[in-house]
1. Among residues belonging to segment 80-105 that are at pLDDT 70 or above and farther than 14 Å from residue 20 by Cβ, point out the one that is surrounded by the fewest Cβ atoms within 10 Å (Cβ to Cβ).
2. Being outside any helix (DSSP H, G or I) and surrounded by 21 or more Cβ atoms within 10 Å (Cβ to Cβ) is the requirement here; does residue 138 meet it?
3. Determine which single condition residue 154 fails, assuming it passes every other condition in (1) more than 19 Å from residue 121 (Cβ to Cβ); (2) among the aromatic types (Phe, Trp, Tyr); (3) surrounded by 14 or more Cβ atoms within 10 Å (Cβ to Cβ).
4. Across segment 115-135, which residue is nearest to residue 236 (Cα to Cα) among those that are buried (at least 19 other Cβ atoms within 10 Å of the Cβ) and among the small types (Gly, Ala, Ser)?
5. Quick one: residue 256 ticks every box in (1) over 17 Å from the mean Cα position of the chain (by Cα); (2) of a type outside the set (A, V, I, L, M, F, W, C); (3) under 30 Å from residue 62 (Cα atoms) except a single one, so which number is it?
6. When you scan segment 56-73, do you find a residue that is basic (Lys, Arg) and under 22 Å from residue 144 (Cα atoms), even just one?
7. Within the set of pairs 6 or more residues apart or between chains, which connect a residue that is assigned to a helix (DSSP H, G or I) inside segment 18-38 to a residue that is of a type in the set (D, E, K, R) and surrounded by 15 or more Cβ atoms within 10 Å (Cβ to Cβ) with Cβ atoms less than 8 Å apart?
Amino acid sequence: MADPLRPVGAGAMAAVVRNDLRLLRADPTVLILLIVTPVVIMSFTNKAFRYALELSGRPHATGAEQSVPGMTLMFSFALVGAIGYTLFREHTWRTFDRLRSAPIPLERLLAAKAVVPLGMVSCQVAASLAIGSAWFDLRIEGSVPLFFAVLVAYIWCVMGLALLLAGVCRTMLQLSTASNLGATLFAGLGGALVPLSTMPAWARALAPLSPMYWGMRGLGAGIYRDVGAASGVTSVGVLLATGLLTGMAGAVILRRKEGHDAHV
């Protein structure tokens, strides 16, 4: 007899997560690169960022105030491609129909498919921050809770964008291209690649269109003691709202695509 207190589809969701974990253990290359690559880039750019921050009025900067959050946000955008890949992989292997035959609503299936990519990005963020603090002398002198609230809100926003792109893109190649270009464009425009103060005026004017701008702005409110908490709270609000709207739009598009495929 089924347990009436057990959520509908909980067993199927757990099975999806276990299968994705098995595939990750079989080939952890992506996870390793996701952790190692931002650290390597930090080691190349940290000293240059220290000089840039000193020139912008922060004489005691170590450079980690820019390099660590910048690379952390840029590479956590890989969540977009990772979630999309888990969905398109099922279509490629022709196993998506079998997944949809399981007693699990589409929304919960999407949540289950996001668990392993979310875990990968969480490892990347944790490693970048730990190494950034230990090796590059990142100091959070403002609000620690606000700093981590911004990170959570940013990851939420990226998950929403991942669902939207998974719904809009028709092939894995399209999704991969959009994800890579998006990461580079958003990082450059949002001040994750270089300090916002060094960018041309037209780029600074467009910067708020990038979620990484709000991520860097919010993390800055946590890192620097002289930046008001209001800046970080605003960033959290914008990121949460963006993630909610894009995620809802992506879920609607995926639902319509599923209905269309069912009638073809």
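1. Looking at the filtered set, the residue picked out is 105.
2. Working: outside any helix (DSSP H, G or I): yes; surrounded by 21 or more Cβ atoms within 10 Å (Cβ to Cβ): yes.
For residue 138, the condition - outside any helix (DSSP H, G or I) and surrounded by 21 or more Cβ atoms within 10 Å (Cβ to Cβ) - is met.
3. (1)
4. Once the filter is applied, the top-ranked residue is 128.
5. Condition (3) is where residue 256 drops out.
6. Yes - at least one qualifying residue is present in segment 56-73.
7. From segment 18-38, the pairs are 20/113.
Here is a yes/no grid of residues against (1) under 22 Å from residue 77 (Cα atoms); (2) modelled with pLDDT of 90 or more; (3) in contact with a strand residue (DSSP E or B) (Cβ under 9 Å, 6 or more places away or on another chain); (4) surrounded by fewer than 14 Cβ atoms within 10 Å (Cβ to Cβ):
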position	(1), (2), (3), (4)
224	no, yes, no, no
230	no, yes, no, yes
233	yes, yes, no, no
238	yes, yes, no, no
246	yes, yes, no, no
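The values are calculated or read from the model by the stated rules, or taken from the named source; none is laboratory data. Not measured: the values here are computed from a predicted model. Because the Cβ atoms are built from the backbone with ideal geometry, glycine has one as well, and the counts that use them run over all protein chains shown.
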